[in-house]
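Just below is one structure, and these are the notes that go with it.
The values are calculated or read from the model by the stated rules, or taken from the named source; none is laboratory data. Please read these numbers as outputs of a predicted model, since none were measured by experiment. No Cβ is skipped: glycine too gets one built from the backbone with ideal geometry, and neighbour counts run over all protein chains shown. All accessible areas refer to the heavy atoms of the entire protein, side chains included, with ligands and DNA or RNA removed. Shrake-Rupley method; radii C 1.70, N 1.55, O 1.52, S 1.80 Å.
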Amino acid sequence: MKNVYGWLLLTPAAILLVGFTHYPAVATLIDSFFTTGTVVRPSKFAGLANYASLADDPIFWQVLRNNLYFAAATIPTSIAIAMLMAIWVNDRLPARALVRMSYFTPTILPMVAVANLWLFFYTPQIGLLDKVGAMFGAASHNWLGDPSTVMACMAVMTVWKEAGFFMIFYLAALQSLPPELEEAAKVEGASRWYYFRRVTFPLLMPTTLFVLVNATINSFKLVDHLFILTKGGPDNASNLLLYYIYQVAFSFFDTAYASTLTVVLLALLAGMAIIQFQLIEKRVHYR
Amino acid sequence: MSEIVLEQVTKRFGPVKAVDSVSFRAEQGKFVVLLGPSGCGKSTLLRLIAGLEDVSEGRILIDGADVTRLSPEKRRVSMVFQSYALFPHLSTAENIVFGLKVRRTPEEERRKRLEHVAEVVGLAAYLDRKPQELSGGQRQRVALARAIIAENRICLMDEPLSNLDAQLRHGMRVEIRGLQQRLGMTVVYVTHDQVEAMSMADRVVLVREGRIEQEGSPEELYAKPATMFAARFIGTPGMNLVALADGPGGAVVRGSADTLFARGGNGLTLGVRPEHVGLVEAGGIRGTVTSSEYHGADTILTVKVGEETFLVRAPGQLAHPPGSAVRLGWKPGMAHLFDTASGRRVPDGVL
């Protein structure tokens with residue numbers, strides 16, 4: 001009974017953690033081995049049947065492909081742009097605070113708001129993109145309605161939203177680099193590009209790793225815009241894993257299959273995080 | 001040839017003049033120390049020579065060529081930074097050859113020069129280590145090696161020893177000086193530590209508030225300080241500077257009765273180094289010991305004379321409890337006179 005106060009202090013946090021994180025996670029894993037229960041047919045153990053049907057589900061494979069495309073299109077681009085912006089606003093330049101703020105603004109907007117904003121760009125005929133295109137005599141195009149352009153549109157919007165957020169991390173890292181390093185390189189005759197390649201970039205690696213992991217998680221987590229823009233369409237051309245899970249769980253009420261998809265998504269994310277850390281850790285210099 | 005000449009160089013930061021029309025010459029193969037208290041503009045002066053700051057007015061010449069508007073790498077100078085500025089992710093070897101790689105020196109020559117330089121600074125066993133795996137002294141050597149491998153004739157050093165402990169500092173002083181003489185480099189060295197200046201320099205440039213206070217050999221600065229500032233700055237402890245007054249028989253230390261010399265003392269300041277003041281049996285000026293500080297090899301006595309205070313550096317341990325009366329004396333040539341208002345030295349003939 002000696003530690004009763006300690007346990008009392010721990011309880012609120014423990015209840016929240018167990019109730020909203022640990023229990024659901026374990027429950028999801030268990031549910032993925034059972035069939036979806038209804039009033040007439042109670043749930044029963046199904047072994048790996050859910051996983052088997054997942055392997056045969058063409059929509060799952062398409063959604064996974066979409067998600068990989070989405071990740072490949074957004075992660076490197078937003079990281080590169082973030083780094084560039086950070087280096088740019090780290091320099092002495094007029095109205096630096098204003099520029100920094102402008103780059104950061106997309107981050108503070110909710111994704112839903114961003115999606116609404118970009119809807120005005122992508123809308124056929126009356127959207128900004130088509131208006132500008134029309135000035136140069138281009139034909140109207142249904143950017144979000146065309147399976148061949150919809151993913152690219154999503155990616156551009158996501159990069160726009162994400163890059164500013166990652167820029168903040170790079171900016172913080174850049175400011176922790178002592179200015180003498182650049183001066184020492186300058187005296188040795190190193191060009192700005194050489195200095196970036198041989199000094200700045202390697203010293204930013206810890207930040208890059210952190211940003212990379214975050215960007216990867218985001219590319220699987222960020223689906224808010226689908227509710228506004230496409231609802232996964234046309235014909236699942238812009239559907240992403242998490243949105244598909246949402247549809248299966250709450251539109252089709254197939255909770256067992258949704259659990260199975262969730263387990264796969266989590267395994268995927270965990271696997272990627274492990275690979276990123278193992279591969280890059282070796283090449284990262286921590287001070 | 002590798003001579004640096006500054007002509008009326010001024011550097012402004014906004015309304016502040018960090019360097020105010022400074023001119024001096026660092027001759028080839030000489031070790032020139034820019035000495036001064038922190039914030040006096042000596043580091044800015046060095047950065048101007050390196051090209052890391054733009055000159056507001058005036059000219060900088062290296063080997064007779066105007067380099068005032070040249071970028072740092074075109075001036076062919078090496079620099080050692082106070083923080084060493086080593087690249088933390090690169091090994092010792094890579095840090096040292098960084099500049100050679102920038103200039104695309106062939107691999108074979110790079111290796112040869114690295115080997116040689118590592119031998120010279122005693123780092124051959126540490127070439128694979130990263131900077132954070134090295135001690136302060138070893139990091140200092142890496143910075144030094146990076147500066148000399150370029151084989152530039154001019155090397156600029158910005159307080160390179162200030163991050164080392166006292167013992168190491170002494171060793172590095174000897175080493176840097178030896179290296180400079182062996183390689184025949186022209187070195188401009190910034191420090192606020194007058195011991196470094198005295199022990200290493202061929203020539204000392206004493207800087208105060210962006211201007212040159214005095215320039216000369218260490219011996220000149222010690223023996224003939226041009227101003228009261230120079231007198232106080234050189235020496236540990238610095239020179240005693242006591243105000244004089246008119247007495248009945250001539251100049252006296254303010255508040256004392258013992259005549260120093262036969263002429264008025266008002267408006268003058270007397271300067272005597274603590275190591276030149278001795279305790280005498282008879283004559284001299286009378287004073288009272290207020291404290292004594294034992295330093296091992298010698299003892300620093302604080303002696304009150306009239307309204308002024310003398311520090312006396314006496315060898316060995318002295319038994320002079322506070323309150324005891326003593327007489328102070330010095331050899332005639334060891335006293336200096338300054339004009340109190342201007343702070344400038346009064347010609348020696350007066351004494």
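Does residue B:106 satisfy the criteria of being open to solvent by 50 Å² or more (accessible area, probe 1.4 Å), more than 24 Å from residue B:35 (Cα to Cα) and not charged (D, E, K, R)? Can you show your working first?
Working: open to solvent by 50 Å² or more (accessible area, probe 1.4 Å): yes; more than 24 Å from residue B:35 (Cα to Cα): yes; not charged (D, E, K, R): yes.
For residue B:106, the condition - open to solvent by 50 Å² or more (accessible area, probe 1.4 Å), more than 24 Å from residue B:35 (Cα to Cα) and not charged (D, E, K, R) - is met.
Could you go through region A:118-125 and let me know if any residue there is open to solvent by 30 Å² or more (accessible area, probe 1.4 Å), under 20 Å from the mean Cα position of the chain (by Cα) and farther than 30 Å from residue A:208 by Cα.
Yes, the conditions are met somewhere in region A:118-125.
Taking region B:162-202 as the region of interest, how many residues are open to solvent by 20 Å² or more (accessible area, probe 1.4 Å) and either small (Gly, Ala, Ser) or in a loop (DSSP other than H, G, I, E, B) (or both)?
Residues in region B:162-202 being open to solvent by 20 Å² or more (accessible area, probe 1.4 Å) and either small (Gly, Ala, Ser) or in a loop (DSSP other than H, G, I, E, B) (or both): 11 in total.
Among the residues of region B:28-59, count how many are more than 19 Å from the chain's Cα centre (by Cα) and away from chain A (no Cβ under 12 Å).
So the answer is 7.
Matching residues to (1) farther than 30 Å from residue A:252 by Cα; (2) assigned to a loop (DSSP other than H, G, I, E, B):
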| position | (1), (2) |
| --- | --- |
| A:6 | yes, no |
| A:15 | yes, no |
| A:21 | no, no |
| A:30 | no, no |
| A:39 | no, yes |
| A:42 | no, yes |
| A:78 | yes, no |
| A:103 | yes, no |
| A:106 | yes, no |
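Can you find, within region A:243-258, the residue that is surrounded by the most Cβ atoms within 10 Å (Cβ to Cβ) among those that are of a type outside the set (A, V, I, L, M, F, W, C) and within 16 Å of residue A:221 (Cα to Cα)? Even if it seems obvious, please write down each step before you answer.
The initial filter retains those residues of region A:243-258 that are of a type outside the set (A, V, I, L, M, F, W, C), namely A:243-244, A:246-247, A:251, A:254-255, A:257.
Among the residues that remain, those that are also within 16 Å of residue A:221 (Cα to Cα) are: A:243-244, A:246-247.
Working: A:243: 23, A:244: 25, A:246: 17, A:247: 20.
Residue satisfying both the conditions and the ranking: A:244.
Could you grab me the full set of residues in region B:3-23 that are under 12 Å from residue B:209 (Cα atoms) and out of contact with any Asp or Glu (no Cβ under 8 Å at 6 or more places or on another chain)?
Once the filter is applied, which keeps residues that are under 12 Å from residue B:209 (Cα atoms) and out of contact with any Asp or Glu (no Cβ under 8 Å at 6 or more places or on another chain), region B:3-23 yields B:16, B:17, B:18, B:19, B:22.
With the condition being of a type in the set (Lys, Arg) and within 12 Å of chain A (Cβ to nearest Cβ), I'd like the helices (runs of 4 or more DSSP H) fully within region B:60-161 carrying at least 1 qualifying residues.
In region B:60-161, the matching helices (runs of 4 or more DSSP H) lie at B:92-102, B:136-149.
Here are B:139, B:211, B:203: which of them is of a type outside the set (Asp, Glu) and without any contact (Cβ under 8 Å) to a residue 60 or more places away in the chain?
Only one candidate passes the filter, namely B:139.
Applying the selection to region A:169-185, what residues are surrounded by 21 or more Cβ atoms within 10 Å (Cβ to Cβ) and within 7 Å of chain B (Cβ to nearest Cβ)?
Correct list: A:184 only.
Taking region B:318-337 as the search range and keeping residues that are assigned to a loop (DSSP other than H, G, I, E, B) and either outside the structural domain of residue B:284 (by TED's automatic domain parsing) or in contact with a strand residue (DSSP E or B) (Cβ under 6 Å, 6 or more places away or on another chain) (or both), which one is nearest to residue B:226 (Cα to Cα)? First the steps, then the outcome.
Filtering region B:318-337 down to residues assigned to a loop (DSSP other than H, G, I, E, B) leaves B:318-324, B:330-331.
Cutting the leftovers down to either outside the structural domain of residue B:284 (by TED's automatic domain parsing) or in contact with a strand residue (DSSP E or B) (Cβ under 6 Å, 6 or more places away or on another chain) (or both) gives us B:318, B:320, B:322, B:324, B:330.
Working: B:318: 33, B:320: 34, B:322: 34, B:324: 35, B:330: 20 Å.
Only one residue fits best here, namely B:330.
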